[in-house]
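Below: one structure, written as structure tokens.
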Amino acid sequence: MDEYGGVIISKLPKTGTSIFAVMSALAQEHKAVNLSQGFPDFPISTALIAKVNEYMLKGHNQYAPMPGVPALRKAIAKMFVENHGAEYDPDKEINICSGATQAIYTAISTFIAKDDEVIILEPAYDSYAPAVQINGGIVKYAQLQFPDFSINWEEFPRLISHRTKMIIINTPHNPTGSILRKEDMERLDRLLRGRDIIVLSDEVYEHLIFDKEQHQSVCRFPELANRSLLIGSFGKTFHATGWKTGFVLAPENLMKEFRKAHQFVVFAVNTPIQHALADYLEDASNYKNLGTMFQKKRDYFVEAIKGSRFKILPSRGTYFQLLDYSRISDENDMDFAVRMIKEKGIASVPVSPFYNQADDNKVLRFCFAKEENTLDQAAEILCKI
């Protein structure tokens, strides 16, 4: 096919292919043990699959309502009351989305206009900044403190200006596995009082939190909740990342605007899956034991590699483990990660692409949402490096 001959002015001139896609493609090419992209290699619930099939056979195969199937929105509302004591109106304050990434993009495109400033904590999930930039916004970066990836509360307030329209937070945090604690949320709450700033809270790993920690959802803090869009993901919660089903919670005035954009981005989300999830959420044990399950996987992986030369950084949540390789090599993390795939047969994700200036702390991210035999293979390789 002949190429288009006109002038193309890219809205994202510095954006390339996602690091997840790059590393997974390399892993596949070299048949490496793949602990790079964040997806489980174990099956999802057969009961949940049967529920989807049941609703397909019942004929629930046409468009769902634009905000989502009512039963699912009611189930989410019930879940947040039980887990956090937070009340959201399922009709006016809950919307089902085609995955968390769509929810995040729609939220940003709804509220960010040309020259609006958005503060992002980095290392940051790679969809945030491009979504701001493609909508004409300006990204300001607040760097989390290495090696615990905590917020520098002395520096953070200095980024806020009269142009600041949104702050994006993420807890539990991808790629680092760190979490925001109650005191962090309280400081953010105090900092934003009296300011016209929206919070976008990415909480897709809300149930994957370890060591008896409590997930500090933005909805637990009433003043913050009143200015926040909270993003969740059933793909992460129920190990079904390919289903691309998530949700957003927000007060009515924010949700009203969100839905104006949402209807033209995706309109409606997979109907039988929504009905199945509504039924599945009735049993809270289907999600309340996830932290325990993934903590066991984290501990299994950490125990298996404790004899290696990698330094293990704490993972408080998500299904990611950071490993510091500074005692092994002086290479930058991208080169080292690529060499590990090609020469050692193990795939990870370098952390520098999650920074605006590609900061290199000699750290790689490994996904431990895998079967034990996969983790055993990975550990065997890592212990020989």
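The values are calculated or read from the model by the stated rules, or taken from the named source; none is laboratory data. Note that this is a predicted model, so its numbers are computed, not measured. Cβ: placed from backbone, ideal geometry, glycine included. Neighbour counts: every protein chain shown.
Annotation note: of E257, E282, E213, the sole residue that is under 30 Å from H60 (Cβ atoms), in contact (Cβ under 8 Å) with a residue 60 or more places away in the chain and part of a loop (DSSP other than H, G, I, E, B) is E282.
Matching residues to (1) surrounded by fewer than 15 Cβ atoms within 10 Å (Cβ to Cβ); (2) assigned to a strand (DSSP E or B); (3) modelled with pLDDT of 95 or more:
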| site | (1), (2), (3) |
| --- | --- |
| F336 | no, no, yes |
| R339 | yes, no, yes |
| K342 | yes, no, yes |
| D360 | no, no, yes |
| R365 | no, yes, yes |
| A369 | no, no, yes |
| N373 | yes, no, yes |
| A378 | no, no, yes |
| K384 | yes, no, yes |
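Just one of the listed residues (D2, D41) is part of a loop (DSSP other than H, G, I, E, B) and either touching a Pro at 6+ places or on another chain (Cβ under 7 Å) or farther than 20 Å from T241 by Cβ (or both), namely D2.
Of the residues making up the stretch 308-319, just one is in a strand (DSSP E or B) and buried (at least 24 other Cβ atoms within 10 Å of the Cβ), namely G317.
Regarding Y105, is this residue assigned to a loop (DSSP other than H, G, I, E, B) and either buried (at least 23 other Cβ atoms within 10 Å of the Cβ) or under 18 Å from the mean Cα position of the chain (by Cα) (or both)? Criteria not met by Y105. The requirement of being in the same structural domain as F258 (by TED's automatic domain parsing) and either in a helix (DSSP H, G or I) or in contact with a strand residue (DSSP E or B) (Cβ under 8 Å, 6 or more places away or on another chain) (or both) is satisfied by N95. In the stretch 39-53, the residues that are under 15 Å from E282 (Cα atoms) reach residues that are not in a helix (DSSP H, G or I) with C-beta atoms within less than 7 angstrom, at least six apart or across chains, in these pairs: S45/F238; L48/F238.
Just to be sure, is I160 in the same structural domain as L229 (by TED's automatic domain parsing), among the β-branched types (V, I, T) and either more than 18 Å from F354 (Cα to Cα) or in contact with a Pro (Cβ under 8 Å, 6 or more places away or on another chain) (or both)? Considered against the rule, which asks whether it is in the same structural domain as L229 (by TED's automatic domain parsing), among the β-branched types (V, I, T) and either more than 18 Å from F354 (Cα to Cα) or in contact with a Pro (Cβ under 8 Å, 6 or more places away or on another chain) (or both), I160 comes out as yes. Considering S352, S326, S348, the condition of being buried (at least 22 other Cβ atoms within 10 Å of the Cβ) and either among the hydroxyl-bearing types (S, T, Y) or assigned by TED's automatic domain parsing to the domain that holds F149 (or both) is satisfied by S348 alone. Out of the stretch 177-195, which residues are farther than 19 Å from V139 by Cα and either touching a strand residue (DSSP E or B) at 6+ places or on another chain (Cβ under 6 Å) or part of a loop (DSSP other than H, G, I, E, B) (or both)? Across the stretch 177-195, the qualifying residues are G177, S178, I179, L180, R181, R193, G194.
Just one of the listed residues (V118, V69, V81) is crowded, with 23+ Cβ neighbours inside 10 Å, free of Cβ contacts under 8 Å to residues at least 60 places away in the same chain and assigned by TED's automatic domain parsing to the domain that holds R259, namely V118.
Selection of the stretch 130-183 for residues being within 18 Å of the chain's Cα centre (by Cα) and acidic (D, E) yields an empty set. Considering the stretch 145-176, and only residues there that are of a type in the set (V, I, T) and outside any strand (DSSP E or B), the residue that is surrounded by the fewest Cβ atoms within 10 Å (Cβ to Cβ) turns out to be I160. Checked against the criterion of being without any contact (Cβ under 8 Å) to a residue 60 or more places away in the chain, surrounded by fewer than 20 Cβ atoms within 10 Å (Cβ to Cβ) and basic (K, R), the candidates K296, K288 yield just one match: K296.
Scanning the stretch 239-254 for residues that are within 14 Å of the chain's Cα centre (by Cα) and either without any contact (Cβ under 8 Å) to a residue 24 or more places away in the chain or over 22 Å from P65 (Cβ atoms) (or both) returns H239, T241.
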